Amino acid sequence: MRKAHTVAVLVLAGLILGGCASGEDKPQKSRDAQSGGDKGSASRGPADGSAEGTMIDRAAGSWKTISKTQGDKYFQTVTIADGHVTMKGAVLDCSGTLKPDTVEGKEAPSLTLICKGGSDGGRGVGNMHLGDKVTKDDAVAFDWEGPKGGWGGPVDSFRRTS
């Protein structure tokens, strides 16, 4: 049953990362295209999808949530530098270090958050999933296990800002 849940969460994350976000991202992409790309483009690898470096290396940069939902259990921003992750929301303020891992044979670094105030919003341990050939590493999602004995935790999805 857990495997079916994981597949469902990954499909949902793929839909979200694949373009179900608001139209707010389109002006940013056209500005990037006009300026020749943003400063994070060197770490994302070539445009043909054959990325260079590990997923942890390619994820370096700043990210903003694609969710319109705001609240105590949501993150608005993520910063990833040298495998260290800082996630912040209206109330949540968490950090952790990405560790190399795989899920169903694919690279999916794991992350355990340590949060100020102790609450991680019901996330637990999670795995990072980075873009695909369509999004070219411009989207990242974290698929969380959730509380022990539960059916899984939330999925946090973000778009690159730098």
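The values are calculated or read from the model by the stated rules, or taken from the named source; none is laboratory data. Fair warning: this is a prediction, and the values are worked out from it, not measured in the lab. Cβ atoms come from the backbone with ideal geometry, glycine included; neighbour counts cover every protein chain shown. Ligands, DNA and RNA are excluded from the accessible area calculation, which covers all protein heavy atoms including side chains. Shrake-Rupley method; radii C 1.70, N 1.55, O 1.52, S 1.80 Å.
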Using only protein heavy atoms and a 1.4 Å probe, report how much of T86 is accessible, in Å² to the nearest 10. 40 Å²
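Please state the shape class of the range 112-162: rounded when a/c is under 1.5, otherwise prolate if a/b exceeds b/c and oblate if not, all from the C-alpha gyration tensor.
Details: a/c = 3.48, a/b = 1.80, b/c = 1.93.
Oblate is the answer for the range 112-162, as a/c is 1.5 or above yet b/c matches or exceeds a/b.
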Give me the base-10 log of I(q)/I(0) for the range 53-159 at each q in 0.24 Å⁻¹, Debye formula, one uniform scatterer per Cα, rounded to two decimals. -1.52
Please give the length that would be gained between V125 and T79 if that part of the chain were fully extended, namely 0.36 nm times their separation in residues minus their C-alpha to C-alpha distance (nm, one decimal). 14.8 nm
With a cap of 13 neighbouring Cβ atoms within 10 Å, and only residues DSSP puts in a loop, list the trypsin sites (Lys or Arg not before Pro) found in the range 66-126. K68, K116
In terms of solvent-accessible area of protein heavy atoms at a 1.4 angstrom probe, what is the ranking of S62, S119, S157, highest value first? S119, S62, S157
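If I take R0 = 22 Å and measure r between the Cβ atoms of S62 and I114 in this structure, what FRET efficiency does the formula 1/(1 + (r/R0)^6) give, to the nearest 0.05? It would help to have the intermediate numbers written out before the result.
Details: r = 20 Å, r/R0 = 0.91.
The value I calculate is 0.65.
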